[in-house]
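Accompanying notes for the structure given below.
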Amino acid sequence: MKLGNSSTEEPGDSGTENNYLIYSKMDLEKLKTCVEACEQCATDCDTCSTDCKEEKGHEHCVIECNSCANTCREFIKAFKSGDDVAIKAAAKKCADACETCAAECAKHSHMDCCKKCADSCRKCAELCKSLCA
């Protein structure tokens with residue numbers, strides 16, 4: 001996975017250490033783990049939204065999944081900006097959206113997509129919250 005501003009290399013690759021100094025106040029490994037969780041969460045939310053579109057009584061599920069996926073992508077965009085303040089604000093917003101989505105999807109846990117989405121959202125929320133501490 002390529003992380004950071006415009007660098008196409010991973011931290012520790014020759015010549016890229018300076019590109020990651022912008023994350024000096026935040027733990028880069030923690031950030032990378034959160035970005036990966038947000039990527040997975042957005043994917044799982046997209047899948048759940050698509051799978052639930054035609055299901056009666058799942059209208060709120062679709063809305064929350066779409067909102068959560070967008071918020072996860074906003075966090076990833078904030079991460080790429082390298083701005084610690086923007087990252088923390090986006091992490092808080094993402095954690096809140098993920099918790100809301102997880103609660104909605106948990107109502108439909110008899111469906112595999114909803115169960116997977118709820119689990120993914122809970123994990124993402126936990127990791128995002130850890131960045132705000």
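No value in this document is a laboratory result; all are computed from the given coordinates. Remember, it's a predicted structure, so these values are computed and weren't measured experimentally. Counting neighbours? That spans all protein chains shown, and the Cβs are built from the backbone with ideal geometry, glycine included.
Overview of results
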| item | result |
| --- | --- |
| Computed Kirkwood radius, in angstrom, where 1/r is averaged over Cα pairs of the range 26-132 | 13.2 Å |
| Inter-part distance where the range 67-94 and the range 25-44 are each reduced to a Cα centre, Å | 10 Å |
| Residues Ile87, Ile76, Ile63, sorted so that the one with the fewest Cβ neighbours within 10 Å comes first | Ile63, Ile76, Ile87 |
